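The values are calculated or read from the model by the stated rules, or taken from the named source; none is laboratory data. Predicted, not measured: the structure shown is a model, and the values here were computed from it. Cβ: placed from backbone, ideal geometry, glycine included. Neighbour counts: every protein chain shown.
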Amino acid sequence: MALTRIGLNQSINLTSNVTGTLPIANGGTNLSSGFINGTTAVGKTGQITQAFRRGEVTTTSNSFQDFTQLTGTITPTATSSKILVQIEITSHIAATYVQFIDFKRSISGGSATQIGTSTDGSATQGFVYNKSLSGDLAYRRHAITFLDSPSTTSEITYYPVMKSETNGQTAYIFNNGNLSTIQLMEILAWFILKTGK
């Protein structure tokens, strides 16, 4: 069969002039009719809630204290939903001391679960470790991102917790005039995207 040469700026009618199956590169999955990996629900966000806080709060305790001055709430629409928790917090600890910041989840007013310590198996540390150096006031802005699987359709409350490493040493949160925020996103459907070799 003779080949037809397509000139510059000429178009090809893909609805009638193309047959066969396009090859898949690098071991991927074929994409047709809106499907990826056999499903149309490749990723869907149900709802997003956000709260913010300005104004300094402190603790001198070396055990985690609740800071419900910044509280985010969300009510999932399905027990299979995941909640993407995104927190940005400003904090401060005086020279040569350490503070730890984590967050808790409480389902429908029930007992709270501290997420960072329960996830990494540590009873003492959380997601954020802030250490000041000699002569440093250690003002920091921290970001925490965590994909939670609460398995509920009841209202969920998330809020930060903090402690000072040394009892009696003041640790600060929501400080320095900056905005601290907590954002919660309900993920109804998702898929795993693999990259690299």
Checklist line | Single residue of Thr113, Thr96 found to be surrounded by fewer than 20 Cβ atoms within 10 Å (Cβ to Cβ), in contact (Cβ under 8 Å) with a residue 24 or more places away in the chain and among the hydroxyl-bearing types (Ser, Thr, Tyr) | finding: Thr96
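Report yes if Thr181 is part of a strand (DSSP E or B), among the β-branched types (Val, Ile, Thr), at pLDDT 95 or above and closer than 21 Å to Ile115 by Cα, otherwise no. Working first, answer last.
On the way: part of a strand (DSSP E or B): yes; among the β-branched types (Val, Ile, Thr): yes; at pLDDT 95 or above: yes; closer than 21 Å to Ile115 by Cα: yes.
So Thr181 fits the description; yes.
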Note to self: Within the range 13-24, does at least one residue satisfy the condition of being exposed (fewer than 15 other Cβ atoms within 10 Å of the Cβ), modelled with pLDDT of 90 or more and among the polar types (S, T, N, Q)?
What the structure shows: no
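For the range 103-113, does any single residue satisfy the condition of being assigned to a strand (DSSP E or B), touching a Ser or Thr at 6+ places or on another chain (Cβ under 9 Å), of a type in the set (Phe, Trp, Tyr) and closer than 18 Å to Thr145 by Cβ?
The first filter runs over the range 103-113 and keeps only residues assigned to a strand (DSSP E or B), leaving 103-107, 112-113.
Imposing the further condition that a residue be touching a Ser or Thr at 6+ places or on another chain (Cβ under 9 Å) reduces the set to 104-107, 112-113.
Checking which are of a type in the set (Phe, Trp, Tyr) leaves us with none.
Within the range 103-113 (the criterion being assigned to a strand (DSSP E or B), touching a Ser or Thr at 6+ places or on another chain (Cβ under 9 Å), of a type in the set (Phe, Trp, Tyr) and closer than 18 Å to Thr145 by Cβ), the answer is no, since none of the residues qualifies.
Only one residue in Ala78, Ala95 is of a type outside the set (Val, Ile, Thr), farther than 21 Å from Arg141 by Cα and assigned to a loop (DSSP other than H, G, I, E, B), so which one is that?
On the way: Ala95 fails: farther than 21 Å from Arg141 by Cα.
From the options Ala78, Ala95, the qualifying one is Ala78.
Looking only at the range 26-75, count every residue that is in a strand (DSSP E or B), among the hydroxyl-bearing types (Ser, Thr, Tyr) and either more than 21 Å from the chain's Cα centre (by Cα) or at pLDDT below 55 (or both) and tell me the total. Give the derivation first.
The first filter runs over the range 26-75 and keeps only residues in a strand (DSSP E or B), leaving 32, 35-36, 39, 44-53, 57-59, 65-66, 72-74.
Applying the additional criterion that residues be among the hydroxyl-bearing types (Ser, Thr, Tyr) yields 32, 39, 45, 49, 58-59, 73.
Filter once more, so that each one left must be either more than 21 Å from the chain's Cα centre (by Cα) or at pLDDT below 55 (or both): 32, 39, 58-59.
Residues in the range 26-75 being in a strand (DSSP E or B), among the hydroxyl-bearing types (Ser, Thr, Tyr) and either more than 21 Å from the chain's Cα centre (by Cα) or at pLDDT below 55 (or both): 4 in total.
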